[in-house]
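Enquirer: One structure is given below, represented as structure tokens, and several questions about it will come after.
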């Protein structure tokens with residue numbers, strides 16, 4: 001057993017010379033992580049603050065855009081209502097009768113419907129009323 005201890009102790013004596021290099025490397029390695037830690041400790045909160053400011057700016061821009069769009073919608077709704085009122089006024093029966101009188105238009109005395117020989121008869125559309133008419137053999 002003493003031989004084993006002696007054999008084990010010998011490599012420790014040989015590695016005593018490179019020990020200062022390892023210590024120097026360790027101190028250099030410790031300097032980099034402290035700089036890295038400091039960078040992370042400053043960088044992460046700074047990145048979060050920049051992200052927060054960016055998101056807040058986007059939210060403000062969207063709020064202004066929404067306000068502008070709502071104002072435009074109200075303006076367009078007002079214009080739409082005015083145009084509908086104008087259409088209703090222009091399509092009124094009294095106005096159409098006055099325009100027809102200016103153009104010397106009168107109600108016809110009789111109405112004639114001409115059927116072309118050989119013209120196909122129009123078939124009823126497929127509606128519920130047409131279906132009931134076919135069931136009752138109404139022509």
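The values are calculated or read from the model by the stated rules, or taken from the named source; none is laboratory data. The model shown is predicted, which means the values in this text are computed figures rather than measured ones. Neighbour counts run over all protein chains shown; Cβ positions are idealised from the backbone, glycine included.
Enquirer: For a quick check of your reading of the model, give me the residue pairs whose first member lies in the range 107-123 and is outside any loop (DSSP other than H, G, I, E, B), whose second is modelled with pLDDT of 80 or more, with beta-carbon atoms closer than 6 Å and at least 6 apart or on different chains.
Expert: Between residues of the range 107-123 that are outside any loop (DSSP other than H, G, I, E, B) and residues that are modelled with pLDDT of 80 or more, there is no close pair.
Enquirer: Let me ask another. Just need a number here: residues in the range 91-106 that are in a helix (DSSP H, G or I) and exposed (fewer than 10 other Cβ atoms within 10 Å of the Cβ).
Expert: The total comes to 3.
Enquirer: From the list 54, 88, which one is within 46 Å of the chain's Cα centre (by Cα), loosely packed, with under 10 Cβ neighbours inside 10 Å, part of a helix (DSSP H, G or I) and modelled with pLDDT of 90 or more?
Expert: 88
Enquirer: While we're on this one: With respect to residue 129, determine if the residue is modelled with pLDDT under 80, assigned to a helix (DSSP H, G or I) and under 45 Å from the mean Cα position of the chain (by Cα).
Expert: So residue 129 passes the test.
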